[in-house]
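The values are calculated or read from the model by the stated rules, or taken from the named source; none is laboratory data. These numbers come from a predicted model, not from an experiment. Note that each Cβ is placed from the backbone with ideal geometry, even for glycine, and that neighbours are counted across all protein chains shown. Note: accessible area is taken over every heavy atom of the protein model, side chains too, but ligands, DNA and RNA are not part of it. Shrake-Rupley method; radii C 1.70, N 1.55, O 1.52, S 1.80 Å.
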Amino acid sequence: MDLFYTVRQHVLNELEGMVAAGELPSGLDMTSVAVEPPRDPLHGDMATNAAMVLSKSAKKNPREIAETLANRLSNVDIIENSQVAGPGFLNLRISIKAWQLILNTILELGSAYGRTGLGKNLRVNVEFVSANPTGPLHVGHTRGAVFGDALSELLSFAGFKVTREYYINDGGSQVDTLARSVYLRYLEAHGQDVAFEDGTYPGDYLIPVGQSLKEKVGSDYIDKPEHYWLEDVRKFSTDAMMKLIKDDLAALGVKMDTFFSEKSLYGGGKIEEAIESLKSKNLIYEGILDSPKGKKVEDWEPRVQTLFKSTSHGDDVDRPIKKSDGAWTYFAPDIAYHFDKVERNFDQLIDIFGADHGGYVKRMKAAVSALSDDKVKFDIKLTQLVKLFKRGEPFKMSKRAGTFVTLRDLVDQVGSDVTRFVMLTRKNDAPLDFDFEKVLEQSKDNPVYYVQYASARIHSVFRKAKQAGIHFDEEQARSETFSKITHEAEIKIARKLAEWPRLVEISAKTHEPHRIAFYLYELASDFHSLWNKGNENDALRFIQEKDHNATYTKMAMISAVLVVISSGLGILGVEPATHMN
RNA sequence: GGACCCAUAGCUCAACUGGAUAGAGUACUUGACUUCGAAUCAAGGGGUUGGGGGUUCGAAUCCUCCUGGGUCCGCCA
């Protein structure tokens, strides 16, 4: 299915043949032999670095190896031509037949084209968003949500079994603060004047929660001490917040498989169990940490704490798991949570943090490494901050001034598709400027429309053809031979489509869904280019009024383009367009 | 003081995880709609990849030291 893979196999076969013929020594490491599209199309369709990679261990001149390899490869049917270039590159020209066959493959496989066996059904847990359940999701969470969801979809496309998971931080003091704030709104709903002091959440979004609390318990909690109502209100409030958050995620098209409660770790001995596991590996001890140097800590005094020896797994300092008063630090439940993930037998874990949590990467990796004895692959991706702009001017967010931009604001204003695509046209660790006036006013600045437009144009051709009495039949299209698809601009598209499976693999391996977005942009660009060539060259128009067979072939070809665009957009969570408005 | 992320065309960003002459968009200049949707296309200029050193056939990519920016640094989560 993957033409690059196929050609690489041919290259490896011939290299083996050279070994057998004594032209190369045996026992060579071939893993870094690559077959790639060359940067410059003039160099051919594919290039291999085999000769250069092997020259050192084979103790032969790279060009000499390349010459021999080129001769051997000329006997392979799909390779039309091979030429040695530069320091020892072997440029390959693939026969036009192979490109035509790619189109058949795509139509045959449909949405399965590009799915690979890379993941081998390995179980991957992707944890993302995990915002505190104290309010609606804001713009920063949005990027993490989009990235995590697209990565999950990408991995599942690449053959992994993916679990999307949200860790609810409902065990700390912030949910008590939430409960107190809701209590104030509850009193307010009963007509009392209330003051939101420091340490409470004054946001309007809690007003309806106070209202519904009133509907639920009536006046029962008025003038009662905190211990009487706190636990119930806490649960009531976090439930309400999680409902809010789930709705926010739904608006963005994100659906979690699992919600894991931090609170559930307490009381059941889960934390103790995790710590015990570390203790059995001699990684827990009582000790005193040094004061951080250079940073002013005014009331610093050395204290004995229970520490995790994370330095033995790559961290810079050991980390406290208990406060000096004996209570757990936040890190302890985090360890227990990841212990739980390891126990749930995931083969790989991925955490997605905001950049402001970058400081926790090493200790979390140390924890998972220790807990799983390095058996579970663990990657942490950081999403950089999103800077909002309005017509080029930085847009300052302030809760007080009411200019706080939530996920919902963003989706309501620019839509889920635009939000997702724009956030994915950037590497996750690059800061993102998001101008939510510009992406709407000047749509050409926005790559999502460019890709959507390609998809809409293809649908437009289908509509036009139908009017002309040419009905496109998927079944029949599969038997198309594409022997008439020979023009350079058409083959260029086939070449691009052939890269898709390989691109999926690279993106999945590197955990970088943004590559999908850039690829779709390039594919759309090749398509638009071909479209416009039809303005000058009638033979390149998709609808050939006088030749229904030719029209049919071309429709089958652009239908293959649509297959890949739909798959790609599907990974990003964006709907392919049939019309532009 | 330390850790982590980053620095690429005027601007916003890519670059196949080490490959050939570093690419797109935008902006600027010019051209293409009686024709499948011009939200498109074609052409042009634009670079010491922040700086120095190193590793090798080969470096934007890996190592090291600087410079500049961001995030963070026990008893908050």
Requested in this report: Determine, for each peptide in A:202-208, A:300-306, the mean count of other beta carbons within 10 angstrom over its residues, then list the peptides with the highest first.
Outcome: A:202-208, A:300-306
Query raised in the report: Working out 0.36 nm times the residue gap between A:T258 and A:K235, then minus their Cα-Cα distance, what length gain in nm do you get to one decimal?
Result: 6.4 nm
Query raised in the report: Is segment A:192-350 best put as rounded, prolate or oblate by its Cα gyration tensor, with a ≥ b ≥ c the root eigenvalues, rounded for a/c under 1.5, and otherwise prolate when a/b is larger than b/c, oblate when not?
Result: prolate
Query raised in the report: For A:K60 and A:N13, FRET efficiency with R0 = 22 Å and r from the beta-carbon atoms, rounded to 0.05?
Result: 0.70
Query - Charge context of A:E80, other residues only, Cβ under 13 angstrom, K/R +1, D/E -1 - result: 0
Query raised in the report: Add -39500 (n - 2.57) for each DSSP H run of 4 or more in chain A, then divide by its residues: what number comes out at 222 nm, to the nearest 500 deg cm²/dmol?
Result: -15500 deg cm²/dmol
Report task. Bin width 10 Å, alpha-carbon pairs only: give the P(r) of chain A as whole percents, running from 0 to the bin holding the largest distance. Result -> 3, 14, 19, 21, 19, 12, 8, 4, 1, 0
Report summary line: Here the tail fraction of P(r) beyond 22 Å, over all Cα-Cα pairs of segment A:445-572, rounds in percent to 36 percent
Report summary line: Answer in debye to the nearest 20: the dipole magnitude of segment A:450-581 about its Cα centre, from +1 Lys/Arg and -1 Asp/Glu charges placed on Cβ, is 100 debye
Report summary line: Output ordering of A:137-144, A:406-413 (per-residue mean of other Cβ within 10 Å, highest first) is A:137-144, A:406-413
**Report entry** Percent accessible area from carbon and sulfur atoms, segment A:469-539, protein chains only, probe 1.4 Å
**Finding:** 45 percent
Query raised in the report: Using Cα atoms only, what is the angle between the long axis of helix A:173-189 and the major principal axis of chain A, expressed in degrees (0 to 90) to the nearest 10?
Result: 70 degrees
Requested in this report: Take the Cβ-Cβ distance between A:H528 and A:F395 as r, set R0 to 35 Å, and report the resulting FRET efficiency rounded to the nearest 0.05.
Outcome: 0.60
Query raised in the report: Of all the C-alpha pairs in segment A:186-269, what % are more than 15 Å from each other?
Result: 69 percent
Query - Highest average packing first - A:100-110, A:513-523, Cβ atoms within 10 Å - result: A:513-523, A:100-110
Report summary line: If one compares the long axis through the Cα atoms of helix A:96-109 with the longest principal axis of the Cα atoms of chain A, the angle in degrees, nearest 10, works out at 40 degrees
Query - Built amide H within the under 5 Å cut-off of A:F395, gap 5+ - result: A:L388, A:F389, A:K390
**Report entry** Relative contact order, percent, chain A [alpha-carbon distance under 8 Å, six or more residues apart]
**Finding:** 16 percent
Report summary line: Between the modelled labels at A:D374 and A:D193 (7 Å from Cα along Cα→Cβ) the distance in nm is 6.7 nm
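Which value results for Rg/Rh of segment A:87-156 when Rg is the Cα radius of gyration and Rh the Kirkwood radius based on the inverse mean 1/r? Before the final figure, lay out each step's value.
Working: Rg = 20.4 Å, Rh = 16.5 Å.
My calculation of the ratio gives 1.23.
Heavy atoms only, probe 1.4 Å: what % of the accessible area of segment A:3-94 goes to carbon and sulfur, would you let me know?
On the way: 2300 of 4810 Å².
That fraction is 48 percent.
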Report task. Pull out a ≥ b ≥ c, the square roots of the eigenvalues of the alpha-carbon gyration tensor of segment A:3-94, then state rounded if a/c is under 1.5, prolate if not and a/b is larger than b/c, and oblate in the remaining case. Result -> prolate
Query raised in the report: Residues with amide H under 5 Å of A:M46's amide H, sequence separation 5 or more or different chain, H placed in the peptide plane at 1.01 Å from N; which?
Result: A:L92, A:I94
Query raised in the report: How far is it, in nm, from the label point at A:M580 to the one at A:T6 when both lie 7 Å from their Cα along the line to the Cβ?
Result: 3.4 nm
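Averaged per residue, what accessible area in Å² does chain A show with a 1.4 Å probe, protein chains only?
48 Å²
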Query raised in the report: Hey, got the dipole for chain A? About the Cα centre, +1 on K and R Cβ, -1 on D and E Cβ, debye to the nearest 20?
Result: 900 debye
Query raised in the report: For A:K281 and A:A251 in the same chain, what is the full-extension length gain: residue separation times 0.36 nm, less their Cα-Cα distance, in nm?
Result: 6.3 nm
Query raised in the report: Which FRET efficiency value, to the nearest 0.05, is calculated for A:R93 and A:E273 with the Förster distance at 35 angstrom and r the Cβ-Cβ distance?
Result: 0.05
Report summary line: For segment A:322-329, in residue order, the Karplus 3J(HN,Hα) values (coefficients 6.51, -1.76, 1.60; θ = phi - 60°; whole Hz; Gly and Pro = x) are 10, 6, 5, 8, x, 6, 5, 7
Query raised in the report: Can you tell which of A:S455, A:G140, A:W99 lies farthest toward the positive end of the dipole of chain A, using +1 and -1 charges on the Cβ of basic and acidic side chains (Lys, Arg; Asp, Glu)?
Result: A:W99
Query - Share, in percent, of DSSP beta bridges within chain A that are antiparallel, nearest 5 - result: 50 percent
Requested in this report: Counting only C-alpha contacts under 8 Å and six or more residues apart, can you give the relative contact order of segment A:445-572 as a whole percent?
Outcome: 38 percent
Report task. Report the net charge of residues surrounding A:L265, where surrounding means a beta-carbon distance below 11 angstrom and charges are Lys +1, Arg +1, Asp -1, Glu -1. Result -> -4
Query raised in the report: What would the Debye formula give as log10 I(q)/I(0) at q = 0.10, 0.11, 0.13, 0.19 Å⁻¹ for the alpha-carbon point model of segment A:65-211, no solvent?
Result: -0.66, -0.72, -0.84, -1.08
